[in-house]
Amino acid sequence: MLGAIIGDIVGSIYEFNNIKTKEFELINERCFFTDDTVLTVAVAQALMDSDLDNEEDVKNRLTKEIVDWGRQYPRAGYGLRFQNWLWDDVHTPYNSFGNGSAMRVSPAAWISNDLDQVLRLAKNTAEVTHNHPEGIKGAQATAAAILLAGKKKSMKEIREYIEDNYYKLGFTLGEIRPTYKFNETCQDTVPQAIVAFLESDSFEDAIKNAISIGGDSDTIAAITGSIAEAYYAIPQSLYDFAMSKLDARLKKVVRKFINLYVGI
């Protein structure tokens, strides 16, 4: 999950100021965490507190934690429909296929080594808000890629699994970079984020790939970073940088989750 947080923080200053190059420094003191980080932490807290075999309990916990954490950080940059959901008295899903389901899903891929369980948990994390089939698909594709990367499957195997089950990835970043534009849907950001990982040769390179295409930079980088974390080692400098940008509440959950499931 820390990879998602690093991607979010590094990409934060480029979301509305896109760059189309990999020639930039990852560590920039102007960077900050956004809703991607807040909701990833919310999902982590919910899954740590849930009976993972009880789907109703998982979804109730997810709703509770997403609302509680979201309300603690009201200016984190939520989309309008999510913000309306967040402050409503009744929290029912609203058929979204936005990429919010994919950017917050990473804890589901660390909490279990069983692919079927990870896919079910990914579905649960999405459908409390993003219950459109494309919203669920984006979360599941991301979680599957993280799990396969963590099992050290080859880039070829990961690509084939995603193409067989979720998205066709018949493009390169070089082909789409000149014309790719801002988009917040799963179907037009998750495949791009996965390809950014597949074309990488290090964690740092994956994050640079993601940001270099432009678009919804922080969220694309969060999705890419969540996969890259499972495949590569996160450099200590980026770990320290990300943690320095989090407040005590967020750090506490991140450290607990890492100690329990990631072991950095």
Computed magnitude of the charge dipole of the stretch 11-136 (debye, nearest 20; Cβ of K, R +1, Cβ of D, E -1): 460
Around GLU199: net Lys/Arg minus Asp/Glu count, Cβ-Cβ under 14 Å: +1
Counting only residues 5 or more apart in sequence or on a different chain, those whose built amide H sits under 5 Å from that of HIS132 are ASN95, SER96
All lysines inside 18 Å of LYS156 as judged from Cα atoms, apart from same-chain residues fewer than 8 positions distant: LYS168
Over the stretch 64-125, what per residue volume does the convex hull of the Cα atoms give, in whole Å³? 98
Apply the Kirkwood formula to the stretch 178-237: the hydrodynamic radius equals the inverse of the mean of 1/r over all pairs of different alpha-carbon atoms; give it in Å with one decimal. 11.2
Among GLY135, GLY77, GLY215, which one shows the highest mean-square fluctuation when the chain is modelled as a Gaussian network with alpha-carbon springs under 10 Å? GLY77
Computed helical MRE - 222 nm, the chain, DSSP H runs ≥ 4 contributing -39500 (n - 2.57), nearest 500: -18000 deg cm²/dmol
Quickly rank 20-29, 112-121 as a protection proxy: mean count of other C-beta atoms within 10 Å, highest first. 112-121, 20-29
Tell me the relative contact order for the stretch 2-262 as a rounded percent, counting alpha carbon contacts under 8 Å between residues six or more apart. 30
How about LYS153: which aspartates and glutamates have a C-alpha closer than 14 Å to its C-alpha, ignoring those fewer than 8 places off in the same chain? GLU229
Rounded, prolate or oblate: which fits the stretch 2-262 when a ≥ b ≥ c are the square roots of the eigenvalues of the alpha-carbon gyration tensor, with rounded for a/c under 1.5 and prolate only if a/b beats b/c? rounded
Of LYS64/LYS123; LYS20/LYS181; LYS20/LYS208; LYS59/LYS137; LYS137/LYS252; LYS20/LYS137, which sit over 19 Å apart, Cα to Cα? LYS137/LYS252; LYS20/LYS137
Gyration tensor verdict on the stretch 146-221 (Cα atoms; rounded if a/c is under 1.5, prolate if a/b is larger than b/c, oblate otherwise): prolate
For ASP89 paired with ASP57, estimate the spin-label separation in nm (one decimal), with each label point 7 Å from Cα along the Cα-to-Cβ line. 3.0
Which cross-chain or sequence-distant (5 or more) residues have an amide H under 5 Å from the amide H of THR185, H modelled 1.01 Å from N in plane? ASN99
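Every number here is computed from the coordinates shown, using simple stated rules; none is lab data. This structure is a prediction, so every number in the text was calculated from the model and none was measured. Positions of Cβ are generated from backbone atoms using ideal geometry, with glycine treated the same way; all protein chains shown enter the neighbour counts.
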